[in-house]
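The values are calculated or read from the model by the stated rules, or taken from the named source; none is laboratory data. Since this is a predicted model, take the numbers as computed values, not measurements. Positions of Cβ are generated from backbone atoms using ideal geometry, with glycine treated the same way; all protein chains shown enter the neighbour counts. Remember, those area values only see protein heavy atoms, side chains included, never the ligands or the DNA or RNA. Shrake-Rupley method; radii C 1.70, N 1.55, O 1.52, S 1.80 Å.
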Amino acid sequence: MSNSVHFNLDDAWPTGVMEIITRDLRQFGPGLRYLARAADMEAFAREIEGETARFVLYGSGDFHHLAAVLLRRIDRPVNLISFDNHPDWDVRPPKWACGGWINRALQLPHVRRVSVWGCGNFEMNWPARIFANHAALRSGRLEVMAWVERCGAKGAMTRENWREKFEAFCAGLDGQEIYVTVDLDCLRAEAAVTNWEQGLFSPEDLVWAIGQLRGRARVVAGDVCGAYSPARYARRFQRFAGAWDHPKLAERNIEDVRRINAAALQAIWPALTA
């Protein structure tokens, strides 16, 4: 797949998964995981400079902030569409962290608007919601569609009406160019194994949604992250903060993990990269 590349940061995916060319970037993984120093992010950006593949597969959702660096490669206005169980809108430091990367995307002048679909974790509710990017929400540059059964937010979507809402959203794109990012933690627990709390989508839901996007807009690039990998950090503070913030998960057999996640990827990746 010449339009695709796998950045191996943490061995979340095996080399050659989906016959995608793999770049071994594991030397960057521990320093970038969960939260990163600006210097490490820029070193990563320099490392992938010149990479022309439009679609990128990478590891755990702990690396989702790398999407803001991948977005720099786009040279024209785009809308960002994210499928994620977390809004990733936290305005608190550090600047580079998987829980606040949407704000880095919003700072890019060519990103018109950001829409996050499938959120259902505690950050949607009070008091965690006070740390959202309220300025972006008020301006309309950021919208987050959450599951009403998880957070009860006004205007949230249900299993019965989410496709209707998504079709209306896609109709408003009117041929615009878009970047699509998928965090596998937006999937139900039986459909994917991740490092985080999980959402309510099925892989088939995402295949349908991406098809709707392609019918109304032009997908110019995208990425997929969110597969499980054991946490390895470069710095003591990363390790402390990561242990405090992550949910406490039961140990899983790594072969079972890879089998479950591979099945999800086999459904989603062809739809994204078509």
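Inside the stretch 45-91, residues that are outside any helix (DSSP H, G or I) and either aromatic (Phe, Trp, Tyr) or open to solvent by 20 Å² or more (accessible area, probe 1.4 Å) (or both) make up a count of 15. Take the conditions β-branched (Val, Ile, Thr) and open to solvent by less than 10 Å² (accessible area, probe 1.4 Å) and apply them to THR194. Does it pass? Yes; evaluated as a whole, the condition is true for this residue.
For the stretch 173-188, filtered to residues that are at pLDDT 95 or above and more than 14 Å from the chain's Cα centre (by Cα), the residue that is most open to solvent (accessible area, probe 1.4 Å) is ARG188.
Taking the stretch 28-44 as the search range and keeping residues that are closer than 25 Å to ARG258 by Cβ and part of a loop (DSSP other than H, G, I, E, B), which one is farthest from the chain's Cα centre (by Cα)? Across the stretch 28-44, the extreme among qualifying residues is PHE28.
Annotation: GLY120 fulfils all but one of (1) farther than 17 Å from GLU177 by Cα; (2) modelled with pLDDT under 95; (3) surrounded by fewer than 23 Cβ atoms within 10 Å (Cβ to Cβ); the unmet one is (3). Starting from the stretch 83-99, keep only residues that are within 18 Å of VAL224 (Cα to Cα) and basic (Lys, Arg), then list their pairs with residues that are open to solvent by 30 Å² or more (accessible area, probe 1.4 Å) and not in a loop (DSSP other than H, G, I, E, B) whose Cβ atoms are within a distance under 8 Å, requiring at least 6 positions of separation or different chains. If the second residue must be open to solvent by 30 Å² or more (accessible area, probe 1.4 Å) and not in a loop (DSSP other than H, G, I, E, B), no pairs are left. Tell me yes or no: at least one residue of the stretch 30-38 is of a type in the set (Lys, Arg) and either within 26 Å of VAL220 (Cβ to Cβ) or open to solvent by 10 Å² or more (accessible area, probe 1.4 Å) (or both). Yes, the conditions are met somewhere in the stretch 30-38. Filtering ALA191, ALA128 for residues that are modelled with pLDDT under 95 and of a type in the set (A, V, I, L, M, F, W, C) leaves a single hit, ALA128. Residues in the stretch 197-217 that are among the aromatic types (Phe, Trp, Tyr) and either open to solvent by 50 Å² or more (accessible area, probe 1.4 Å) or within 13 Å of the chain's Cα centre (by Cα) (or both): TRP208 only.
Considering only residues in the stretch 172-201 that are assigned to a strand (DSSP E or B) and not aliphatic (A, V, I, L, M), the one that is farthest from ILE260 (Cα to Cα) turns out to be GLU177. Being over 28 Å from VAL193 (Cβ atoms) and out of contact with any strand residue (DSSP E or B) (no Cβ under 8 Å at 6 or more places or on another chain) is a property that TRP126 has.
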